[in-house]
Each structure stands twice: as structure tokens, then as C-alpha cells.
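Scroll down for the structure; my scribbles are underneath it.
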Amino acid sequence: MPFRFKVKTFGLILVVVIVLAAALISLAGYYSVYPKVLPDSRIVHADEEGLDIVVIHLSRSGWFDNYLPKVTVGEAAYRIYNSTHLVDEEGRYLKYVATGVVSVVEKSPYGLTFTIGGRGEPYDGYITFWGGVLSEEEVQSGSVEVTFERVVLWMPSRTFTVNLRVERIPEIESGRHPRVFYSEEDLSELKALVSGGSDNPMGVSLSEVFSQLRDMADGFLTESHFSVYGGRMTIYLPPNQPRRHTDNFPYWTGISRELQARLEVLAFMYLVTGDRAYAERAKAFMLYISNWNQWTDPDYRCAGPRTCLDIGHLSMGMALAYDWIYDTLDEAERFLVREALISKGIIPAYTEATEPGSWLQNPWRWPNGYAIVISGLGIASLVLLDEEPRAEVWLETAVNWTVRWLDRMGADGGYTEGHTYATYATDFTARFLYALLRDRSVNLFDHPYMRNVPYFALYSISPDGESIVNFEDASYGAVNDWKEPLAIAASLHGNRYAQWYLKRTGAYGSILRSHTYNTIYHFIGFNPEIEPLDPDGRLPPSRAFTSIGWAVFRTGWKENDTLFAFKCGPWGSHHHRDAADFVLNYQGIWLAAAPGYRLSTSTEAHNTLLIGGKGQGAADGRLIGFYNSSLVDYVGGDASETYGDGVTFIRQVLFVRPGLFIISDHVEAEGETSASWLLHAEPYSVIETSDAGSRITRRGKVLVIEMGSPQEVSVSTGRTEDLPYVRYDVGPSRRVRFLASLNPILAGEDEASVEMTFFEDCSSVNFTAPWGVGVAVFAEFLNHSTVSCWGLVSDGHVSGYIEKNGEMGYFLVNGSFLERDGQLLIRLDKYGYGAITVGSYKVVCEFSLKAAGWVGFYSPAEPIKVREGELEVPYIYDPASKVVRLVLEAGYHRLTVEFG
């Protein structure tokens, strides 16, 4: 027994000895593996300044922390003096920054040391220091030995040595700063602007807004970290390069936006106040970001290998901060930031932009991404004009590529990705264009897109001003995001309607509803002294944005007005499968709603058709007509391509002013197919259905829906995610017809009475409403064949009459003639649109013509004169037929015929 115990004890001791020996051998082996000094490490010597910038790029190796208490360059040995300076034995000081895997900690008995972390991320980092480091002989030698004292655990210190190449440059170029948005001479103007009170037409106190911005900046001075996307990633400050990830999520988009915000807000606050605390904080951020390996996420599959939204945000933020705190940067700091701006911001963007076949060759592929990257390239290039000879080429590229983008966007002001991305892309483009205008006197705000985009916002805003049409990936909150393009349109072009929009939304009254990266732009391009002009009664109430396939009908811009928007346009980025979709807002309530950015992009989530139980594919729709008059509005859309071969789907919408929308759907298929008609409402809406129709109620507003079809229709309700819907289904047929009326009213008000009739060659809607009675006739075959119905004869796609306020109105949509009971009412020698309203003493005519030609219309008596506006128009009157004839050019015309 004792012998056996001794054997076991000896064995245990032997195992312990072997383990300890292995551990010591492993530690010794590990101790001989030094941190890696990466190949881009170097020393830059500026001859003119006699300045040396030592850049040491390190990566960790092993699991234990490495402590570097001393760095020797040539003959001079440096230790850390404090958080900003190194010191040598002779008491000479150098400024330094340590980033990434390198930090500064207290290590007994060495004091402050550089530490290379052994675990976790990041994997690499920089020690950068600068001053008079090298002797003339060392500069001439072309390379210099750098020796590090290294400590691991309790082991005695050892050294390792590397050779760093010496790069000589003649001098560190200097430039004129500030130059972006404001020059040195403009700062007094800026300071006056931020101190302004609310005694202006906009009622905006920019001093209060500036106070909010200062509170934000003060928070940025002391914050230790921020998180993005609900805490999915946290960035500690000053910011090292974000950790790697494997889920292909665009974390860097949110991170770069937040960093841009901090850079710009801090630098702007220094520009205005001169308080160096803001500049020093911005500088710390800049030096850390300059040491990132790249400015685009290596773990996110974006449109291109070198660029994504992040590079645009970081380039713009770094460039503006560099420009605005330039006088607080020493030569080395300027060099480091400028080199990073060029190598990590400008060069990747410029290379990808000029590379054949890259995504930046095609603005339509991803319009908002293109705009952010190119605007970042433009601002960064502009900042470096006096300091970098290549900057002119980079800037010229940014300008030319921006013109490409402007040309591809709608000349009518329409933007394809919806309002959330319209504001994002157009705001950033406007910032670059405004900087270009201020610095180089190049004015691209005269481009049709920039002139007309304010109307895209203006026509899409809800009657109560609290939301906006949310087709595509857009949110209602985008209503508050339209700023610079409208502010500059007001200040530069005198567009007072744009100024009215800004006052309506209150966008400039506070930064609290702005994204952080938009906050400083309250003070750029905005002039609160411009008087807003209410568009109500001044602008045509409806407008088409044919470039994107949108049309918007309005009764006006007051809170009790109605808005109806329709879309059927080309497929593109951030689109939904929703050709021939519509939304309706009545007095601030979306009674017919779109899912926006928060829900499904499928056809089932939208107000259009399922055909054969299936939705749409990624294909183009197109508008086939638009007309606006004081009597009726019209829009037609062809969504056939979105359903694939063998299916035709045409949707026409007639708005009988002021309160009835009639939707006519034509579906044809090669074989029999079913169809489903969908209308979604906002969450918490109440939907009631009956044989007589359906009603959607929300907050005292009601949408009365009547549905007709020559086939048997079944009605049901349901929910797509959180949007309730009413659905009408018809069984299989080769030809499907839906005819629906939408009548928005207040709860308790009288609704319109509607009767639908279907004939072989047409269908009709007879209506009686508190404001008038009439009929609308829809041709079954859209080939301009003659249709006779209810005493009306026409070759138009839609025709009809309305009696209201003691006057008779007649309308013709996409046709050449309209008669009633044998009386010719409208005659066009080419297919077009027309409406006439016949009163006791005058006839008002509204025509929309695709080409110049003769126009004829009914007048019950011989005119005294015919005028367009204040201009008299020559005409011919035939008393026998009671028809006025005259020649009009292509376009829209409103004529007044006086005969009494």
C-alpha cells in the first residue's frame, strides 16, 4: 500500500513537472513571437517643415497582452509622457496617437505603456507620432531602425527591431480654409444667422435652433459610446474601426452617419464659437478614423467592392471637419487626415466611378447610394483643391457624375425610390451643389430636376402636413426630411411655394426631428426672411411625375382637403411590386394606405390586383395618360408587363371633383384567370362590408366603397401584416372588369349614390352626390371605337357629364369627339383631353393636347370674345352647330368664352 501510494505521488509530480515545463516552453516560444509590424509602416519626412511623421502599423500575435514601454527611433528613445505626448531622455516632446489594437495603460513598474491587446477585436492598430525625430543623416539614409521594448506577463523585458523606410516629401501643402459653405469672410454672416430671433416670415428662431445644436455638441464632448440599429453594434469613442461581423448587415451605414454627425456638429460649433474644445474632440475622432484600414465595411456585400454609403458619409464628415477646424491642426495632423481622406475616401470612390461596368456608371441602379458616394467625393475633392494637384480631376469627375445622376432623375422632379430616399439623396446632392456654387460659382441648381423636385414634395404632402405619400420604401416621417433642396430653391430661385412647404412642416424650427447627420444644415442655404406663398388656389391642384409613373390629385392644400396618389412606373431600386397602386388621404387620414418601409413589398400588401392568385414581378409599369381640369382629373396606367406573358392589366382612375374617385380595371388573359381587387387601410381602421358595398372608418373619416363587375363578386376582409384590407374576388374568365367608386366623407355626412351598369362595349357610373349629379362612361375597348351610352357618343377612353351649381360640365379623356343628344360638345383633330363647363354667361374650356391642331367646342351663343388668361384668341363660330373653332399649340390651355 505505501509503495503504491509513492508510485501515484511520483506520477502526479511528474505530470505537474511536464505540464509546467510545457507551459514554460510554450511561453518562451510565444515570447519570441513579436507583434507584427505591417508593411505600410513608414516615416514621412517633410523637408520644408523639418517634420517627421512616424506611422507604425501593428497587428497582435498570441493571447497575451504585449506592453511596449519604450520606442527607440534611430538614436532617440521615447516613453509615454501623458495621453497626448511622448518624451525622450533629453526632455523633447512629440505628439502621438494610438488607435485600434494599441491602447495606453499603466503597467508597473514601467508607468504608461503602449499595449497591444491579446484577445478580441480589433486585430491591428497604429502608433503614430510626429515632430523633429530624425537627424539629417537618418533622413538621407532612406531607412531607420525602430526598436521596441516589449514586456509579456511578469517576464523581463526584451526588444525587437524593425527597419522603417523614410519617405521624403518637399513640404506639407496648405490651403485656403474654411471654404465649404462659408469662407473666412462669411463667418460674420454665419454668426449673425445663428443669433437671429423669430421675427421673420417663417417664425423660426435660429438662435433657439443653434442652442439645441450646441446642447447636442456638448453631449458629443463627453459621450463614451453610441449604438446603432437598436443596440446591435456599439462604437466606443474615439472610434476604432468597427468589429468584424458575419451577418451581412449594413452596420457601417448607421455608424458612418453617426460619426459624420459628430464630426460636422463639433466642427461647425468650433467654426461659430471658436471654442477649441469642440475642435479637439473632432480632431480626436478624425485621427482615429484616419487610422481605419478602409472606410467601407469589409463584411457587407454592397453594390461595389470599394464603396457603399459609409464611404460617402465618412468622406463628407471628415472633409468638412478638416475644412472647419483646419487652423487647429498642426502640419502632421493635416497630413494624416488628408492622406486618409485621399486614400480611403476619394481614391476608392473615384476608381469605382471611372471603372467601366461598375455600379457608379449607372445612376438608376441604386440612385441614393450613387448620390451619397458621389457627393462625398465632390465635397472631399473641393476641400483639397489648393493642396492636392489631383483634386481638380476628382472634382470634375464628381461634377460630371452628378450631372449624370440629375439627368437620370426626373426632369419633372420625380424621384424613383420614394420620399425617404428622395430626401436622403437629394439633400446630399444639394449640399455638394451648394458648396460648388459658393466656392466655384458653378450653378447646377438650374438643372430641371433641382428646379422641379420641390413640387414632388409639395404635391405629396398630406392635407394636414403631418405625413407624405409613402410609395416604395418610404415612411410618413419623410415629410420632415425635405430641407436643403427646398430651402435653396426658395433662396436661389425665389420659389416661395417651397418656402411654404418648409413652414408647413416646421422642418427648420427644431433639430429634434432631424437625423443627427442633417442637423447642421439648418444653417446652410436657408433664408428665414423669404415670405412663404400658399399654393392653395395658385398652383394646379394635380400633377403628374411621368418620369417615375406617379400622379397626384388634390382638392387643395388645406387641412380639410383630399389627396389621391397613383403610381405605375418603371421598376427600380427600393421598389415594391405594386404597379397601379394608389393611396388616398382625406383630411389627414390615410383611408387607402400603402405599407411604406416597415412592411411587405409584395403585391398582396398593396392596393392593386392579384391575377390568378399571384402578384407582380420586377418589371416596368407605365402611365398611359394624365389630365387635370377643374371638372375631372384622370390618370391611366398599364401594369401588364408586371404579370408576365399573356396578361393585360389597364387601370384608369377618374376623379370627379370634389369627392368621387372612380377606378376602372381591364384585365385580359390568354386563358381563364381569377382576379382579386385589394384596398388596404391604416392600422386600427374599422372595415365593414355588405352587399351594398364597404366602408372604412378611422378617426371620424369614412371611405365609402362601391364595387361592380359583370361577373359575380365575393367580398372578404383580412390583414396583411398590420394593415387591414377589403378584398373583392371574381372567378376565372378571359376578361375581367372591376369598376369601383371611392367616396371619402366625414362620419354622418351624406354619401354619393352610385349605380354601375355594364354593356357590351362600355360600362357606366351614374352618380348623385350632394355637390352634383352626372355620369361617367368607360369604353370597354381602348381602341377609340365609337361608344354610345346614356345619350353620349364618343371615341374617348372615358367621357361623361356633370351638373352642379347650375352649370353643365362635359369631359373627354383620350378621344377626338364628344356629343350629347346630337349636339357636338368637344371636337379635336388629334386625340387629346378636354372639359367644358357651360354657364349662363360664359363657357370655360380646359384642353390638354399632345400636338398642335384645331379644337372645337360648344357655345350656346356667339362669343363676345375668347381669351386665354388675359390674351384674346382668334376663333371661328358656327351659329348652326353652335361650335367655336380655333387652333391651339400642344400643351395645356384654359380658355374663357364670354357670350352674355
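The values are calculated or read from the model by the stated rules, or taken from the named source; none is laboratory data. Being a predicted model, the structure only gives us computed values, none of them experimental. Cβ coordinates were reconstructed from backbone atoms using ideal geometry, including for glycine residues, and neighbour counts include every protein chain displayed.
Couple of notes before you dig in:
- Strands (runs of 3 or more DSSP E) wholly inside the stretch 744-854 that include at least 2 residues being surrounded by 23 or more Cβ atoms within 10 Å (Cβ to Cβ) and in contact with a Cys (Cβ under 8 Å, 6 or more places away or on another chain): 772-779, 823-838
- Entry remark, the stretch 657-701: residues being within 16 Å of residue 614 (Cα to Cα) and in a loop (DSSP other than H, G, I, E, B) number 0 in total.
- Any chance residue 550 is modelled with pLDDT of 95 or more, over 30 Å from residue 257 (Cα atoms) and either assigned by TED's automatic domain parsing to the domain that holds residue 593 or under 18 Å from the mean Cα position of the chain (by Cα) (or both): yes
- Residue satisfying all of: in the stretch 882-900; part of a loop (DSSP other than H, G, I, E, B) and farther than 16 Å from residue 836 by Cα; nearest to the chain's Cα centre (by Cα) among these: 890
Per-residue answers, yes or no, for (1) part of a loop (DSSP other than H, G, I, E, B); (2) of a type in the set (Gly, Ala, Ser); (3) in contact with a helix residue (DSSP H, G or I) (Cβ under 6 Å, 6 or more places away or on another chain); (4) not assigned by TED's automatic domain parsing to the domain that holds residue 505:
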site	(1), (2), (3), (4)
595	yes, no, yes, yes
619	yes, yes, yes, yes
627	no, no, no, yes
633	no, no, no, yes
645	yes, no, no, yes
649	no, no, yes, yes
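- Residue list for the stretch 714-756, filter: farther than 25 Å from residue 805 by Cβ and without any contact (Cβ under 8 Å) to a residue 24 or more places away in the chain: 714, 718, 719
- Residues of the stretch 673-713 classified as in contact (Cβ under 8 Å) with a residue 40 or more places away in the chain, under 18 Å from residue 563 (Cα atoms) and of a type outside the set (S, T, N, Q), total: 12
- Within the stretch 855-881, restricting attention to residues that are acidic (Asp, Glu) and in contact with a strand residue (DSSP E or B) (Cβ under 8 Å, 6 or more places away or on another chain), the residue that is nearest to residue 833 (Cα to Cα) is 868.
- Within the stretch 108-123, not a single residue is of a type in the set (Asp, Glu), assigned by TED's automatic domain parsing to the domain that holds residue 65 and assigned to a strand (DSSP E or B).
- Condition broken by residue 230, with the remaining ones in (1) under 21 Å from residue 122 (Cα atoms); (2) outside any helix (DSSP H, G or I); (3) without any contact (Cβ under 8 Å) to a residue 40 or more places away in the chain satisfied: (1)
- Top-ranked residue of the stretch 855-881 - restricted to ones that are assigned to a strand (DSSP E or B) and aliphatic (A, V, I, L, M), ranked as surrounded by the fewest Cβ atoms within 10 Å (Cβ to Cβ): 871
- Selection within the stretch 715-740 - more than 20 Å from residue 763 (Cβ to Cβ) and either exposed (fewer than 13 other Cβ atoms within 10 Å of the Cβ) or in contact with a Pro (Cβ under 8 Å, 6 or more places away or on another chain) (or both): 716, 717, 718, 719, 720, 721, 722, 723, 724
- Residue that is under 21 Å from residue 693 (Cβ atoms) and over 42 Å from the mean Cα position of the chain (by Cα), where the choices are 787, 775: 775
- A single entry from 875, 858, 841 fulfils the requirement of being closer than 25 Å to residue 654 by Cβ and among the hydroxyl-bearing types (Ser, Thr, Tyr): 858.
- Residue match in the stretch 802-812 (condition: on the phi > 0 side of the Ramachandran plot and modelled with pLDDT of 95 or more): no
Conditions tested, residue by residue: (1) under 27 Å from residue 848 (Cα atoms); (2) aromatic (Phe, Trp, Tyr); (3) part of a loop (DSSP other than H, G, I, E, B).
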{"residue": "500", "(1), (2), (3)": "no, yes, no"}
{"residue": "522", "(1), (2), (3)": "no, no, no"}
{"residue": "526", "(1), (2), (3)": "no, yes, yes"}
{"residue": "572", "(1), (2), (3)": "no, no, yes"}
{"residue": "575", "(1), (2), (3)": "no, no, yes"}
{"residue": "578", "(1), (2), (3)": "no, no, yes"}
{"residue": "585", "(1), (2), (3)": "yes, no, no"}
{"residue": "600", "(1), (2), (3)": "no, no, yes"}
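- Leading residue by the ranking (surrounded by the most Cβ atoms within 10 Å (Cβ to Cβ)) among those in the stretch 234-290 that are under 18 Å from residue 516 (Cβ atoms) and among the acidic types (Asp, Glu): 264
- Yes/no for residue 492 being of a type in the set (A, V, I, L, M), in a helix (DSSP H, G or I) and surrounded by fewer than 23 Cβ atoms within 10 Å (Cβ to Cβ): yes
- Failed criterion for residue 442 (all others in (1) surrounded by fewer than 19 Cβ atoms within 10 Å (Cβ to Cβ); (2) of a type in the set (A, V, I, L, M); (3) within 21 Å of residue 595 (Cα to Cα) hold): (3)
- In summary, residue 288 fulfils each of the numbered conditions (1) in contact with a helix residue (DSSP H, G or I) (Cβ under 9 Å, 6 or more places away or on another chain); (2) among the aromatic types (Phe, Trp, Tyr); (3) outside any loop (DSSP other than H, G, I, E, B) with the single exception of condition (1).
- Restricting attention to the stretch 693-714 and to residues that are more than 15 Å from residue 742 (Cβ to Cβ) and not polar (S, T, N, Q), the residue that is surrounded by the fewest Cβ atoms within 10 Å (Cβ to Cβ) turns out to be 712.
- The residues of the stretch 148-187 that are more than 30 Å from residue 35 (Cβ to Cβ), in a loop (DSSP other than H, G, I, E, B) and out of contact with any helix residue (DSSP H, G or I) (no Cβ under 7 Å at 6 or more places or on another chain), listed by number, are 170, 171, 173, 174, 175, 176, 183.
- Residue match in the stretch 451-469 (condition: among the β-branched types (Val, Ile, Thr), at pLDDT 95 or above, within 25 Å of residue 575 (Cβ to Cβ) and assigned to a loop (DSSP other than H, G, I, E, B)): yes
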